[in-house]
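What follows is calculated from the coordinates using simple rules that are stated; it is not laboratory data. It should be emphasised that the depicted structure is a prediction, and the values quoted were computed from it without experimental measurement. Ideal geometry is used to build each Cβ from the backbone, glycine not excepted, and the neighbour counts take in all protein chains shown.
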Amino acid sequence: MNKAFPDSFLWGGATAANQCEGAYLQDGKGESSADHITAGSHTIPRQFKKQITSDIYFPSHIAIDHYNRFKEDIDLFAEMGFNVYRLSINWARIYPNGDDEEPNQAGIKHYREVFEYCKTKGIEPLVTLSHYETPYALSLKYNGWSDRKVITFFTRYAETVMRAYKDLVKYWLTFNEINVLSMPMGGFFGGGILPEGNEAFSSSETDEHRNARFQGLHHQFVASALTVKLGHAINPDFKIGCMIAGSISYPLTCNPADVLKNQKFMQIGNYLCGDTMVRGYYPSFAKAYFKENNINFHIEAQDAQIMREGTVDFYSFSYYATGTQTSDPEVLSKLSGNMFFGAPNPYIKMSDWGWGIDATGLRFFLNELYDRYQIPLMIVENGLGAVDKLEDDGTIHDSYRIEYLREHVKAMRDALDDGVDLWGYTPWGCIDLVSAGTGEMKKRYGFIYVDRNDQGEGSLKRSRKDSFYWYRKVIASKGTDLA
Ligand code: BGP
């Protein structure tokens, strides 16, 4: 039997508006960047389309229709015993064009109903202000976050919702996986910065586009800091966190060259954003990295003070997998396709989508983070994307998911014993939803199965998986019963 988690521990699940809400133009919502991205697969990349036409399938438009079915879904979360639900507000529901002077009241009303409903069920909302979507009009008019004006539009939006929900929401995250903007693919996903030239996302880019990304990242740092300050003025009890994609990697061997390469990977992949948002200034290695790589962007004189005054209250992150770094040219030459996770790690197993399953890495990373920052941590995404089979009797036997989650819960418990201040755990896609990376429904994470396929067919009926009952037991037993 596992040792109990603290009574105050937040147990729940996580979603994002663009991946679950659907209702893409309902009640005055404007188009979001995410509404312009097609479905892909493990082998076929998603594409950006300037025009939305009816002959192309865009998975966000209906998704799992959570917008219209939120009560049914929250009922199921409550049945599992959630005391927290991480969800995002779709900015284009509140400001349809992003730069409107006045908010859309129907959008404000919708989220009020969602948060009130959560409260009646004893669930604390944890709200992401920007999760992989920007009002599309901002992409067209300003090339998204590359333009400094977007800071003002974002803080107007943040102020509107923080004031509107100041008595309903206590936990906030500014930008989902903000560090995605430090990676070539992340410009449009994270910053609404239009892909160059053609419609495919590409891992190669011009210097101009790369500079625009880092400019966008800088603008998000400033916007996040302003939002933290603003939020604390609206309600001093607010807890406002950063959210960073855990990009954890090991040296492939103890060759010092691998160790150094891995250190640089960890610095740019994780600590560039973490250090800036927790400490309030760019770390020295980031400045060296910008110089070495000829990355140029503009920082205004007042930004340093803004960033110092808007440091986050807690650090949250996603954790799925770990990778490796190698300096060996022979190993490197054999790597093909997705280089993100590096060379295969012989000590860990891969998911069907090629993500290295590594619960021990979670304990390692929690310790690294807590040691570095000494502020509370939250794991706001974790889970196994897998193909599930709906049996004729309506059951789903997802023992592989239970096994994955069990090991990660044990790793969290170990990290608590190591002295880490961990506030909560919201596994990703607690109800099946559209995959961000591939646009598939087939890559499922949920405790709740949704009848919907990659062609957009299905009844949208919700069914409880075996993992649903397992997680309910874990929460009820405060993490002691993981069987
Ligand atoms: C994170 C995102 C989520 C989510 C998750 C799983 O990067 O914040 O939006 O989707 O990863 O990734 P995927 O959907 O590609 O399996």
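If Lys and Arg each add +1 and Asp and Glu each add -1, what is the summed charge of the other residues whose beta carbon sits under 14 Å from the beta carbon of Gly323?
Here the charged neighbours net out to +1.
Tell me, what does the Kirkwood hydrodynamic radius of the chain come to in angstroms if you use every pair of distinct C-alpha atoms?
Evaluated over the chain, this radius sits at 22.6 Å.
Rounded to whole Å, give me the distance from the Cα center of the range 354-382 to that of the range 114-169.
Each part reduced to its Cα centre gives a spacing of 26 Å.
Give me Glu196, Glu133 ranked fewest to most by other Cβ atoms within 10 Å of their Cβ, as a rough exposure proxy.
Sorted ascending by nearby Cβ count, the order is Glu196, Glu133.
Take each of the peptides 100-113, 31-44, 425-438, average the number of other beta-carbon atoms within 10 Å over its residues, and list them starting from the highest.
Going by the mean number of other Cβ atoms within 10 Å, highest first, we get 425-438, 31-44, 100-113.
Please rank Met266, Met378, fewest neighbouring Cβ atoms within 10 Å first, as an exposure proxy.
By the 10 Å Cβ count, ascending: Met266, Met378.
Can you work out the FRET efficiency for the pair Leu390 and Ala483, with r the C-beta to C-beta distance and R0 = 25 Å, to the nearest 0.05?
For Leu390 and Ala483, the calculated efficiency is 0.55.
For Ile295, put the label point 7 Å out on the Cα→Cβ axis and report which residues of the range 210-231 keep their amide N under 15 Å from it.
Hits in the range 210-231 for Ile295 at 15 Å: 210-222.
Extension gain Glu457-Arg472, at 0.36 nm per residue separation less the Cα-Cα distance, in nm?
Answer, rounded to one decimal: 2.5 nm.
Given Cβ point charges of +1 (Lys, Arg) and -1 (Asp, Glu) and nothing else, what value in debye, to the nearest 20, does the dipole of the range 330-380 about its Cα centre take?
20
Suppose each label sits 7 Å from its Cα in the direction of the beta carbon; what would the Ile44-Glu101 distance come out to in nanometres?
My value for the distance between the label points is 4.6 nm.
Would you mind ranking Tyr370, Tyr24 by Cβ crowding within 10 Å, fewest neighbours first?
In order of increasing Cβ crowding within 10 Å: Tyr370, Tyr24.
For the residue pair Thr53 and Ser351, what label-to-label distance in nm results when each label sits 7 Å from Cα along the Cα-to-beta-carbon direction?
3.4
For Ile64, what charge total do you get from the other residues with a beta carbon under 10 Å from its beta carbon, if Lys and Arg give +1 and Asp and Glu give -1?
-2
Where the only charges are on Cβ atoms (+1 Lys, Arg; -1 Asp, Glu), what is the dipole of the range 10-476 about its Cα centre, to the nearest 20 debye?
That gives a dipole near 520 debye.
How much mean residue ellipticity at 222 nm does the chain get from its helices, if each DSSP H run of length 4 or more adds -39500 (n - 2.57) and you divide by all residues, to the nearest 500 deg cm²/dmol?
-11500 deg cm²/dmol
With the Cα gyration tensor of the range 29-114 giving a ≥ b ≥ c as the square roots of its eigenvalues, does the rule (a/c under 1.5 for rounded; else a/b larger than b/c for prolate; else oblate) give rounded, prolate or oblate?
Oblate, because a/c is 1.5 or more while a/b does not exceed b/c.
Report for the chain the percent antiparallel among DSSP-assigned beta bridges with both residues inside it, nearest 5.
Bridges in the chain are about 20 percent antiparallel.
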